[in-house]
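Asker: So that we are looking at the same thing, I have put the structure below in structure tokens.
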Amino acid sequence: MEASTALRRIAFLLERSQAATYRVKAFRTAAHAVAALSGDELADRVAQGSLESVRGIGPRTAEVIRESLTGATPRYLERLEEDASEPLAQGGEALLAALRGDCHTHSDWSDGGSPIEEMGRAAAELGHEWSVLTDHSPRLTVAHGLSPERLRRQLDVVAELNEKWAPFRLLTGIECDILADGSLDQEPELLERLDVVVVSVHSKLRMGAAAMTKRLLAAVRDPHADVLGHCTGRLVGGRTRPESEFDAAEVFAACEEAGTAVEINCRPERLDPPRPLLRRAVAAGVLFSIDTDAHAPGQLDWQIYGCARAEECGVPAERVITSWTADRLLEWTREKAAAG
């Protein structure tokens with residue numbers, strides 16, 4: 001195993017297990033530092049004991065590099081792989097096997113921690129056929145949301161990457177803020193150009209139930225909206241936040257009528273919607289999107305959390321859009337936009 005590959009794999013497994021960001025960053029930084037060295041230079045530094053003098057390489061990462069160069073799997077990586085052999089959640093395996101992609105991921109263009117190329121490469125390595133890049137929209141300044149100009153530049157970057165990634169496809173998208181009046185936080189012309197639009201509430205989460213219902217109804221009925229993201233906005237791990245209040249029956253009925261999918265958000269601190277609401281959405285006949293909301297490559301492996309909850313709550317696999325091919329997904333989003 002190449003040293004850079006081992007370091008990247010360690011970072012992935014640390015992210016998957018929700019390790020501290022600084023630990024992940026150390027291995028990703030070292031992977032980039034190693035990749036910048038020629039094979040001869042790397043071997044020379046190992047022989048001279050000067051690996052740690054390379055910017056970005058510390059004692060722990062140097063140990064991994066040295067062990068990789070002997071042809072052995074680094075011991076630290078072996079321990080992480082052993083830990084990763086235990087499932088993250090119980091149940092949902094059959095549904096997970098049916099998934100082909102992920103409609104909600106972030107890069108370092110907004111509040112993600114890794115470049116677009118790294119996120120796409122990790123999705124392909126996991127066996128995804130496609131993934132959607134959905135960085136934040138401009139009003140969410142705390143997450144470095146994309147202005148129209150930056151989003152246009154990102155579309156060009158994605159197009160260039162897709163030229164070399166076939167058959168894997170990185171689809172264009174956005175996590176678009178639902179503003180207080182229910183309108184969407186991006187130019188309509190740009191939303192029309194995107195493959196998938198996830199719409200989510202990130203502000204004024206404690207507004208009254210009647211106002212929040214009206215807000216969500218306007219958003220899910222917008223012809224550009226494809227997926228309603230983390231519908232209650234709750235946080236259940238670490239820094240907690242209660243669910244937003246709204247008329248779920250009315251909102252899910254509108255989703256079913258408009259053809260807007262309800263996201264089953266897989267982030268461990270979200271697991272949104274809660275089980276009672278998820279069962280109500282199933283009864284309402286809506287489509288679903290099982291999404292990681294990943295902000296780092298290792299988090300792309302979190303779909304099992306959503307699959308387990310979906311299975312528990314009776315979500316039919318045929319109503320999960322992340323089990324569709326990219327062509328079917330794009331046909332669906334185009335038909336939705338045309339119908340609107």
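The values are calculated or read from the model by the stated rules, or taken from the named source; none is laboratory data. If you're wondering where the values come from, they're calculated on a predicted model, not measured in any experiment. Here the Cβ positions follow ideal geometry from the backbone for every residue, glycine too, while neighbour counts run over all protein chains shown. Only protein heavy atoms, including side chains, enter the accessible area calculation; ligands, DNA and RNA are left aside. Shrake-Rupley method; radii C 1.70, N 1.55, O 1.52, S 1.80 Å.
Asker: Using mean Cβ contacts within 10 Å as the protection proxy, how do 247-255, 136-144, 222-230 order, highest first?
Answerer: Put in order of decreasing packing, that is 222-230, 247-255, 136-144.
Asker: I've got another one for you. In the chain, what % of DSSP beta bridges are antiparallel (nearest 5)?
Answerer: Antiparallel bridges: around 10 percent, rounded to the nearest 5.
Asker: Separate question: For the chain, what does the relative contact order come out to in percent, with C-alpha contacts under 8 Å and a separation of six or more? Write down the numbers at each step before the final one.
Answerer: Details: 658 pairs, mean separation 59.9, N = 340.
Relative CO of the chain lands at 18 percent.
Asker: Same structure, new question: Would you give the gap between the C-alpha center of the stretch 241-307 and the C-alpha center of the stretch 116-179, rounded to a whole Å?
Answerer: The two parts, judged by their Cα centres, are 21 Å apart.
Asker: What does the accessible area per residue of the chain come to in Å², with a 1.4 Å probe and no ligands, DNA or RNA counted? List each step's numbers first, then the result.
Answerer: Values: 14780 Å² over 340 residues.
Value for the chain: 43 Å² per residue.
Asker: Right, next: When the accessible area of the stretch 94-157 is computed with all protein chains present and a 1.4 Å probe, what percentage of it is carbon and sulfur?
Answerer: The nonpolar share, carbon plus sulfur, comes to 51 percent.
Asker: The list (i) 134; (ii) 273; (iii) 227 gives values of volume of the Cα convex hull per residue in Å³, and only one came from this structure; which label was calculated from it?
Answerer: (i)
Asker: Hey, which of these cross-link pairs are over 32 Å Cα-Cα: Lys25/Lys336; Lys25/Lys214; Lys164/Lys204; Lys164/Lys336?
Answerer: As for pairs spanning more than 32 Å Cα to Cα, those are Lys25/Lys336; Lys25/Lys214; Lys164/Lys204.
Asker: Next up: For the stretch 214-236 and the stretch 14-74, write down the distance between their C-alpha centroids in whole Å.
Answerer: The distance from the Cα centre of the stretch 214-236 to that of the stretch 14-74 comes to 43 Å.
Asker: Within the accessible area of the stretch 186-340, what % is carbon and sulfur when the probe is 1.4 Å and the other protein chains stay in place?
Answerer: 50
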